[in-house]
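For reference, the structure discussed in these notes is given below.
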Amino acid sequence: MYKDTDFNPDREREEQAAAEREALARTIRREVLRMNSGEAEEDLRADREQIEAERAQQQAEEESARRREANLWRQFFSGRILVHNMVRKHYRYIAIIAGMFLWSIAMLFWTLRLDIRYAQLSSEVQLLHERSIRLQEQCYRCSSHSAIVESLRERGLDLYDPLRPNEVIE
């Protein structure tokens, strides 16, 4: 004859639930024993102290970050100052000031270039002036009274003054 076997499709699920209930009961018993011995209170106190220490460390980090953010020099050099609401309404003025800085720099270089050009032209004028003085000296040497008299003597001519004064022709 055939042996009748009990087939229950929910048997695995029921066994698993029973195992979980047993594990939960063991955990509860272990925790009850810890509570009675005072060990759980020490663990709770240690956990609270650790949470408070973490919270204090986080607050200290937030405070130092807030101080770093509040430092105007750091904000200025990092560029974060431009995103503050206080500065946003003054962007127009900041742009005008930046434009004036650029304009003043351009004017500075332009005047430096003109100054260099002026110095070059001034030295050229001085050289031309010296040259003109040398040429005037040469011209004077050639056209002086003594030079003319000497030149005429070399050619065999005498220089004399007219006997009567010059007449004005009308």
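Of note:
- Qualifying residue in segment 127-143 (condition: free of Cβ contacts under 8 Å to residues at least 12 places away in the same chain, among the aromatic types (Phe, Trp, Tyr) and more than 30 Å from Tyr160 (Cβ to Cβ)): no
- Residues satisfying the stated conditions in segment 140-166, i.e. among the small types (Gly, Ala, Ser) and either modelled with pLDDT under 85 or surrounded by 10 or more Cβ atoms within 10 Å (Cβ to Cβ) (or both): Ser143, Ser144, Ser146, Ala147, Ser151
- Those residues of segment 98-139 which are modelled with pLDDT of 95 or more and closer than 30 Å to Ala70 by Cα, in sequence order: Gly99, Met100, Phe101, Leu102
- Every residue from segment 1-31 that is surrounded by 10 or more Cβ atoms within 10 Å (Cβ to Cβ) and modelled with pLDDT under 80: Arg11
The values are calculated or read from the model by the stated rules, or taken from the named source; none is laboratory data. Since this is a predicted model, take the numbers as computed values, not measurements. Cβ atoms come from the backbone with ideal geometry, glycine included; neighbour counts cover every protein chain shown.
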